[in-house]
Amino acid sequence: MSKSPVFVVLNETGAALARKLTPGFSGSVVHGLQGRVVTASLHFENTLEHLRNLFEEGHPIVAIASTGIVIRALAPSLSNKTKEPPVLALSENGKSVVPLLGGHNGGNKIAQNIAMNLAIEPTITTAGDSRFGIALDDPPEGWRVANPNAAKPVMAALLSGENVQLQDETGEGVDKSWLTEAGISFKDDAQNCIRLTHARLPEQTDDLILSPGVLALGIGCERGVEAGDLATFLFDVFKQHDLGKHAIACIATIDVKEDETAIREMARLGQVSVRLFDAARLEQETPRVTDPSDYVFETVGTHSVSEAAALAAAGPDAELIVPKQKRDGMTCAVALSPAIIDPDTVGRGCGRLSVIGIGPGTNDWRAPEATNEIARATDIVGYKLYLDLLGPLMEGKIRHDYALGEERDRVAEALNLAASGKEVALVSSGDAGIYAMASLVFELIELCGNDGWQRIETHVVPGISALQAAAAKSGAPLGHDFCTISLSNLLTPWEVIEQRLKAAAEGDFVIALYNPVSKKRREQLGIARDIVLTSRPAETPVVLARNLGREEETVDVITLGELDADLVDMLTLVLIGSSETRAFERGTGKTSVYTPRGYGDKKEKF
């Protein structure tokens with residue numbers, strides 16, 4: 001199970017229960033029924049459709065609802081139980097939790113987590129779990145199944161009362177108590193066999209192969225190697241040394257390879273994490289490596305990368321079972337740990353920075369991708385007001401609040417956190433790439449000479465900008481060419497702003513004015529109005545949109561001649577129409593504004 005569960009709730013009672021449970025699942029979110037649930041990460045209108053969409057997108061689901069609702073929603077989508085995500089039904093009173101689907105894909109574990117939190121017994125219906133308390137195709141953390149199809153006949157034999165053979169090829173340091181203490185009868189001459197090994201899966205076998213994560217794969221390579229070449233190289237090495245890929249606990253390398261695409265692709269394909277070590281830490285392993293290199297030391301500051309990284313990840317008692325192998329600018333080595341490796345405790349992970357636009361402020365206008373990225377992050381950085389707008393999404397997160405005017409500091413902290421291996425979300429209102437933090441992120445990465453920042457995986461999530469929200473609320477004023485201009489001269493000389501205003505006015509663009517006024521800056525809006533008046537009439541429609549998406553939202557339509565600084569504050573976006581923009585009053589008394597695209601000017605009856 002790679003994704004965090006989504007709690008789907010239909011009322012405030014369910015929402016309160018879900019919020020109690022989400023801290024137990026990193027990255028989990030609450031989706032609430034529109035009109036019934038006040039605060040949620042995302043609201044939906046059609047319960048059956050929403051459940052179906054989540055399921056088909058592969059999200060684990062905890063529905064605080066009746067099992068009948070969930071069954072009716074998902075029945076048409078059921079096809080392949082090995083690929084379907086977990087689905088659980090949790091009663092509103094918190095007294096029963098039932099994994100309906102995907103019990104062995106993580107559903108039973110989710111149920112056990114919830115049950116422990118609520119001090120109840122989970123209703124586990126899968127036979128193996130019920131009888132023995134284990135699922136051979138869903139072993140504990142640190143173990144993986146090399147051939148899942150072999151689990152079914154072995155489990156069927158156990159449930160029929162037959163004995164099973166156990167071949168244990170692991171060392172004493174590998175904990176297999178979950179299997180040996182399950183009440184299973186093992187017999188050496190039994191027909192069905194469970195084999196515990198880090199060896200390669202035989203081409204023909206009926207044995208169930210369970211692999212402990214005891215192998216650390218160290219990789220070094222030249223910049224820009226092809227992922228396909230690296231995959232072929234590693235496959236050949238593992239085949240030659242009879243090692244199983246399912247026993248790989250992690251891929252280890254030097255930190256300067258954090259952004260190496262081929263290494264990241266190997267981790268993705270193997271469903272393991274990349275663990276990074278700096279040169280000083282790798283140099284400490286030099287006494288244990290077989291092939292120290294002065295050239296490598298001169299290049300990256302350590303006498304070994306692949307061997308040293310494998311040993312550092314596998315621990316002080318590890319054995320180097322595959323010394324450095326070389327091919328076309330690539331090296332690899334494998335270390336065997338006497339115990340299962342916990343990747344989270346060795347080296348550091350690859351950092352990731354998501355620069356997120358959360359829209360104007362309402363959950364309904366926040367992109368699902370933004371919600372998912374915030375849920376995934378461990379650390380959230382941003383202006384305090386924007387973080388407060390996230391509400392329950394901030395639960396369990398480390399906040400890094402900043403005041404207005406501290407933009408460089410907040411971006412630098414976000415980059416530093418990501419460079420230390422954290423999952424970071426840098427939050428902006430509107431769209432992060434429009435007068436917001438995204439441009440500063442890339443500027444600092446380029447200009448500040450910080451190698452760690454250069455290697456960070458950076459992802460920008462778009463949001464609904466203020467100009468889009470203002471246009472939607474007033475009609476369709478952006479129906480033809482438009483531009484945006486900020487009237488703030490803190491970062492741009494006023495002379496440049498004036499030049500842009502004149503060009504926009506002469507070009508007859510619809511103009512969105514950001515930062516129209518501030519407490520100390522009042523005169524620029526009047527100057528902007530007068531510049532535009534030289535090219536279009538005083539009756540030109542103007543939209544004043546304030547606090548969009550929030551309770552204090554107001555949207556007013558005036559004329560260009562009426563535009564005055566006293567009607568505007570720093571939370572207002574000003575949309576000035578082009579010479580073609582029209583405003584008209586609807587039968588409801590509401591004024592709509594639009595700019596014709598030119599599809600036809602004739603009045604026709606439809």
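The values are calculated or read from the model by the stated rules, or taken from the named source; none is laboratory data. The model shown is predicted, which means the values in this text are computed figures rather than measured ones. Cβ: placed from backbone, ideal geometry, glycine included. Neighbour counts: every protein chain shown.
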Next on the checklist: Here is a list: Thr253, Thr302. Which entry is among the hydroxyl-bearing types (Ser, Thr, Tyr) and closer than 29 Å to Gly171 by Cα?
Outcome noted: Thr253
Item to check | strands (runs of 3 or more DSSP E) completely within the stretch 151-268 that count 2 or more residues being of a type outside the set (Asp, Glu) and farther than 19 Å from Val305 by Cα | outcome: 165-168, 193-196, 208-212
Checklist entry - If you go through the stretch 315-356, how many residues are more than 27 Å from Glu226 (Cβ to Cβ) and small (Gly, Ala, Ser)? => result 5
Next on the checklist: I'd like the full set of residues that are within 26 Å of Thr345 (Cβ to Cβ) and surrounded by fewer than 20 Cβ atoms within 10 Å (Cβ to Cβ), limited to the stretch 145-169.
Outcome noted: Val145, Asp168, Glu169
Next on the checklist: Take Glu373 and tell me if it is charged (D, E, K, R), at pLDDT below 95, in contact with a Ser or Thr (Cβ under 7 Å, 6 or more places away or on another chain) and surrounded by 20 or more Cβ atoms within 10 Å (Cβ to Cβ).
Outcome noted: yes
Next on the checklist: I'd like to check something: does the stretch 528-535 contain any residue that is modelled with pLDDT under 95, touching a helix residue (DSSP H, G or I) at 6+ places or on another chain (Cβ under 9 Å), surrounded by 13 or more Cβ atoms within 10 Å (Cβ to Cβ) and within 18 Å of Leu478 (Cα to Cα)?
Outcome noted: no
Next on the checklist: Within the stretch 536-578, take every residue that is at pLDDT below 95 and polar (S, T, N, Q) and give me the one that is farthest from the chain's Cα centre (by Cα).
Outcome noted: Thr554
Checklist outcome for this item: Among (1) under 22 Å from Thr378 (Cα atoms); (2) of a type outside the set (Lys, Arg); (3) surrounded by fewer than 20 Cβ atoms within 10 Å (Cβ to Cβ), Asn489 falls short only on (1)
Checklist entry - How many residues are within 17 Å of Asp138 (Cβ to Cβ) and not in a strand (DSSP E or B) if we restrict to the stretch 92-116? => result 14
Next on the checklist: Exactly one condition in (1) aromatic (Phe, Trp, Tyr); (2) over 16 Å from Asp481 (Cβ atoms); (3) modelled with pLDDT of 95 or more is false for Phe509; which is it?
Outcome noted: (2)
Next on the checklist: Restricting to the stretch 478-496, name every residue that is over 34 Å from the mean Cα position of the chain (by Cα) and within 28 Å of Arg582 (Cβ to Cβ).
Outcome noted: His480, Asp481, Leu487
Checklist entry - Are there any strands (runs of 3 or more DSSP E) wholly within the stretch 39-91 with 2 or more residues that are within 29 Å of Asp388 (Cα to Cα), and if so which? => result 42-44, 61-64
Next on the checklist: Within the stretch 73-91, take every residue that is out of contact with any Pro (no Cβ under 9 Å at 6 or more places or on another chain) and surrounded by 14 or more Cβ atoms within 10 Å (Cβ to Cβ) and give me the one that is modelled with the lowest pLDDT.
Outcome noted: Glu84
Checklist entry - For the stretch 207-230, how many residues are surrounded by 13 or more Cβ atoms within 10 Å (Cβ to Cβ) and farther than 21 Å from Leu320 by Cα? => result 8
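Of all residues in the stretch 272-296 being in contact with a helix residue (DSSP H, G or I) (Cβ under 8 Å, 6 or more places away or on another chain) and in a helix (DSSP H, G or I), which is farthest from Ser420 (Cα to Cα)?
Of the stretch 272-296, the ones in contact with a helix residue (DSSP H, G or I) (Cβ under 8 Å, 6 or more places away or on another chain) are 272-279, 281-286, 288-292.
From what's left, in a helix (DSSP H, G or I): 279, 281-283, 286, 288.
Numbers: Ala279: 15, Arg281: 15, Leu282: 17, Glu283: 20, Thr286: 24, Arg288: 27 Å.
Per the criteria, the residue is Arg288.
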Item to check | Restricting the stretch 297-326 to residues that are part of a loop (DSSP other than H, G, I, E, B) and touching a strand residue (DSSP E or B) at 6+ places or on another chain (Cβ under 6 Å), the residue that is surrounded by the most Cβ atoms within 10 Å (Cβ to Cβ) | outcome: Val305
Checklist entry - Counting only residues that are under 21 Å from Asp317 (Cα atoms) and among the small types (Gly, Ala, Ser), how many does the stretch 270-297 have? => result 2
Checklist outcome for this item: Taking the stretch 57-75 and keeping only residues that are closer than 22 Å to Thr22 by Cα and of a type outside the set (A, V, I, L, M), one is left with Glu57, Gly58, His59, Pro60, Ser66, Thr67
Checklist entry - Of all the residues that make up the stretch 345-369, how many are in a helix (DSSP H, G or I) and either crowded, with 24+ Cβ neighbours inside 10 Å or without any contact (Cβ under 8 Å) to a residue 12 or more places away in the chain (or both)? => result 1
